[in-house]
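Values in this text are rule-based calculations from the coordinates and carry no lab data. Everything numeric in this text was worked out from a predicted model, so none of it was measured. Here the Cβ is made from the backbone with ideal geometry for all residues, glycine too, and neighbour counts use every protein chain on show.
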Amino acid sequence: MVDRKMEENIAQFCAVTGASVKDAKRFLEKYKKLDVAVDAYFNDPNPAPTPSRRHEGPSTSKLNTLFDKYKDPDGDEITANGTIKFCEDLDVDPENVVLLAVAYELKSERLGEWNRKGWLEGWKSLGCDTIPAMKTALVRLGDRLGSDPEYFRKVYQHTFDFARNEGQRSLGEVLSHYLGMFAQTKTFLGIEIAQAFWSLLLPVGLKGGALSHIVNKDGDNDISMNGEEGWKDEYTDWWFEFLAEKGGKGISKDTWAMFLDFVRTIDAKFEKYDLEAAWPSTIDDFVSWAKERLASGA
């Protein structure tokens with residue numbers, strides 16, 4: 001007799017893959033964990049010629065019905081209120097970093113907003129047309145965001161683009177009202193909005209390996225330096241302190257983009273930083289500031 005947990009996993013497996021109950025049970029019994037079983041199903045090099053493998057994929061009708069559930073009554077976009085309801089149905093905190101990966105996959109152009117085209121194309125590419133399937137997809141996206149350097153980079157870069165106001169070059173100029181809906185006690189002004197996103201993204205990448213230390217980057221070839229210590233969690237706090245002392249209108253797109261490479265390549269003592277390289281001046285100044293702090297033992 002199939003237990004309740006297995007029944008739930010079978011339902012989610014079928015929703016994500018379009019597989020038959022028989023195939024779902026077979027993969028789940030073999031691989032035990034739902035996400036592992038789903039990956040194994042999609043990566044199966046010798047798919048069986050069963051009707052389940054000829055499944056047409058996620059239903060446009062189901063996705064449209066879900067979109068209509070969350071969209072604004074007077075428009076054809078999902079905005080803040082709909083996003084909050086969507087997050088409640090997904091059992092996910094609106095400030096969970098995985099939603100930045102969802103924003104990338106669904107090609108969201110603005111913070112907390114989703115258009116129908118991106119919704120349909122994004123969820124179809126992820127193999128989802130139900131809330132249970134989307135919940136499973138979020139687990140997979142979260143794992144990939146933390147562990148895959150190139151995927152992390154794509155989400156990271158998209159975060160800058162969708163978080164800023166259209167036509168503006170600085171994250172510091174983003175309106176803060178949307179984030180305020182999720183965290184009423186927080187006010188994000190100026191560079192603080194960039195810090196909010198760094199606070200979400202950097203810990204995940206550092207913990208999962210997406211931001212693992214490398215000695216240099218040559219095209220697509222990262223050279224790992226397992227014996228050399230790199231960026232530390234406390235340095236993120238130092239970066240924020242430095243930015244607060246420095247002031248300014250916000251974080252430019254150039255600084256946002258190159259900070260990612262800086263975090264991956266800098267050594268723990270900031271000794272191998274090349275001042276002659278084309279780093280943004282903000283990062284140059286931070287390195288000098290950090291060296292002084294290290295020297296003082298603070």
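Structure notes:
- Scalar couplings 3J(HN,Hα) for region 272-281, obtained by applying the Karplus form with A = 6.51, B = -1.76, C = 1.60 to θ = phi - 60°, are 9, 6, 9, 5, 7, 6, 8, 7, x, 4 Hz; x denotes Gly and Pro.
- Once the Cα-Cα distance is subtracted from the 0.36 nm per residue extended length, the Glu228 to Lys22 segment shows a gain of 69.2 nm.
- Packing rank of 4-10, 36-42, 243-249, where each peptide gets the mean count of other beta carbons within 10 Å, highest leading: 36-42, 4-10, 243-249
- Distance from the C-alpha centroid of region 239-265 to that of region 114-152: 28 Å, rounded to the whole angstrom.
- For the residue pairs Lys124/Lys253; Lys232/Lys253; Lys33/Lys117; Lys207/Lys253, alpha carbon separations beyond 27 Å are given by Lys124/Lys253; Lys33/Lys117.
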